[in-house]
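Peer 1: Structure below; questions to follow.
The values are calculated or read from the model by the stated rules, or taken from the named source; none is laboratory data. Just so you know, these numbers come straight off a predicted model, no measurement behind them. Using ideal geometry, Cβ is built from the backbone for each residue, glycine included, and neighbour counts are taken over all protein chains shown.
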Amino acid sequence: MTTMAKKVQGVGLAFLSKIAKSDLVDQLKLRKVIEKSLYHGAKTGFSALSRTQKIFQPSSNQLKQRLPTQDDQLFDLNLTEEQKMTVETMQKFATEVLSPLAHDADHQAIFPPELWQHAQTLGLNFYALPESYQGVATEKQVVSHILIAEHLARGDFSLAAAMLCNFSVINCITQWGSEPIQNTYLYAFAEQPDLQASFAVQEDTPAFDPYHLKTTAHSKDGQFYLNGKKSLVLLGETADILLVSAEFNQRPNIFIVERNDHILVKKSPAMGLKAAETVELIFKNTPAQRLGDDDFDYTACIDLGNLMWCALAVGCCEAVKAYCINYANQRMAFEEPISHRQGIAFMIADMAIEIDAMRILLLNAASLADSGQKFHREAYLARILCAEKAMKIATDGVQILGGHGYTKEHPVERWYRDLRATAIMHAGLHA
């Protein structure tokens with residue numbers, strides 16, 4: 001009915017408008033009559049249309065219809081009480097222990113020996129060890145392990161990565177190790193606090209792919225032997241136990257190697273991760289043991305390692321953001337803090353947005369892993385985003401500090417170098 005009224009009104013007004021344009025109207029002295037007809041026609045037509053439309057307006061006393069609210073428990077980002085306590089402990093440790101040691105450790109390219117004692121006091125290994133091996137882990141706790149890595153990295157990226165080597169090896173053996181492997185090595189970690197372990201996954205090939213390895217394994221008389229070269233091994237010179245990736249029967253796998261004379265060590269200082277004392281390891285018919293049974297999932301093992309690097313990136317980016325906010329509020333230019341400049345404020349706002357996006361993708365992948373669901377796609381997306389945005393945040397951090405950002409007087413240049421490892425390192429840690 002409303003549409004028909006519009007059409008009739010439009011036709012009538014159009015006809016009268018055409019007549020009004022004709023010279024004949026002036027000759028017959030009818031212009032005033034026609035203009036009055038146009039005015040009253042428009043007024044009457046719109047009044048009628050308004051009355052027609054009011055019929056379809058809802059009553060003001062009716063309530064808006066809403067779909068029922070979903071259960072609050074379906075998606076909850078709040079931490080458990082245990083996770084809150086863990087986060088507070090790690091954050092305090094990062095602030096009081098890691099941060100003060102970070103500058104000298106990076107400058108000297110040495111992992112501080114006293115930090116091992118601090119790590120034992122913190123009891124980091126026991127967060128990963130199962131209860132049956134004197135630890136506290138009762139189930140898969142990937143999200144909790146991600147939180148530990150993130151908050152340690154707020155103190156320093158490189159030191160946190162090195163500290164988490166033992167922790168990661170324990171996680172990997174607990175998750176994938178065969179029963180004899182677990183009985184041997186988890187017990188050793190529980191009884192020997194000074195035992196050191198690390199991963200050897202990375203290889204110095206262009207566009208390294210952890211699924212296509214040059215390091216190989218072969219079996220002879222029931223014993224495995226490794227041949228190949230690994231690069232950027234964290235604390236590789238002092239590690240007593242190594243988890244090494246190698247091709248076996250044309251498929252990648254993980255092997256356990258104890259320190260022996262068949263491993264050659266070559267110093268290989270990198271642009272970042274200096275405090276982690278990265279080295280190159282050469283294996284020549286090195287005796288090894290296979291980590292897992294037939295249920296071992298190499299892809300999931302690599303994905304869980306990449307999630308740990310993402311967690312370190314998120315934590316370090318939080319440190320960059322906090323430092324830049326403090327600097328921008330204190331640094332004066334033209335008699336006001338530079339934080340009052342929109343260019344600076346927008347860069348810091350972008351940091352906050354990107355960090356939150358990184359964290360959400362990371363926790364999504366970790367929560368899927370905890371619940372036993374497939375998480376390869378989510379882990380891949382988290383790694384891609386963290387690798388890209390971590391470097392952008394680090395670059396913006398240097399930019400905000402200007403010339404100061406390029407000097408060792410401020411930690412952003414160190415964080416810039418360390419955060420580059422997010423895109424370079426594959427596995428090497430394990431959630």
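Residues are listed down the side, and each one gets a yes or a no for (1) hydrophobic (A, V, I, L, M, F, W, C); (2) under 23 Å from Gln108 (Cα atoms); (3) outside the structural domain of Gly123 (by TED's automatic domain parsing):
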| site | (1), (2), (3) |
| --- | --- |
| Ala160 | yes, yes, no |
| Pro180 | no, no, no |
| Tyr185 | no, no, no |
| Phe189 | yes, no, no |
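Peer 1: Take the range 384-414 and flag every residue that is buried (at least 24 other Cβ atoms within 10 Å of the Cβ) and within 16 Å of the chain's Cα centre (by Cα).
Peer 2: Scanning the range 384-414 gives Cys386, Ala390, Ile393, Ala394.
Peer 1: How many residues, within the range 168-218, are touching a strand residue (DSSP E or B) at 6+ places or on another chain (Cβ under 8 Å), loosely packed, with under 14 Cβ neighbours inside 10 Å and of a type in the set (Ser, Thr, Tyr)?
Peer 2: 1
Peer 1: With the requirement that a residue be touching a residue at least 60 places away in the same chain (Cβ under 8 Å) and more than 18 Å from Gln289 (Cα to Cα), what does the range 169-208 give you?
Peer 2: Ala190, Pro193, Asp194, Gln202, Asp204, Phe208
Peer 1: Sticking with this structure for a sec: Being in contact (Cβ under 8 Å) with a residue 24 or more places away in the chain and in a helix (DSSP H, G or I) is true for just one of Ile110, Ile148. Which residue is that?
Peer 2: Values: Ile110 fails: in a helix (DSSP H, G or I).
None of the others qualify; the one that does is Ile148.
Peer 1: What number of residues within the range 363-383 are surrounded by 16 or more Cβ atoms within 10 Å (Cβ to Cβ) and within 14 Å of Gln175 (Cβ to Cβ)?
Peer 2: Residues in the range 363-383 being surrounded by 16 or more Cβ atoms within 10 Å (Cβ to Cβ) and within 14 Å of Gln175 (Cβ to Cβ): 4 in total.
Peer 1: Continuing with the same structure: Checking Lys140 against (1) at pLDDT below 95; (2) part of a helix (DSSP H, G or I); (3) under 20 Å from the mean Cα position of the chain (by Cα), only one condition comes out false. Which one?
Peer 2: Exception for Lys140: condition (2).
Peer 1: Mind listing just one residue for me: the one in the range 219-232 that is in contact (Cβ under 8 Å) with a residue 60 or more places away in the chain and either outside any strand (DSSP E or B) or hydrophobic (A, V, I, L, M, F, W, C) (or both) and, of those, surrounded by the most Cβ atoms within 10 Å (Cβ to Cβ)?
Peer 2: Filtering first and then ranking leaves Leu226.
Peer 1: Right, next: Would the range 349-358 turn up any residue that is under 28 Å from Ile170 (Cβ atoms), part of a helix (DSSP H, G or I), at pLDDT 95 or above and under 13 Å from the mean Cα position of the chain (by Cα)?
Peer 2: Among the residues of the range 349-358, at least one is under 28 Å from Ile170 (Cβ atoms), part of a helix (DSSP H, G or I), at pLDDT 95 or above and under 13 Å from the mean Cα position of the chain (by Cα), which makes the answer yes.
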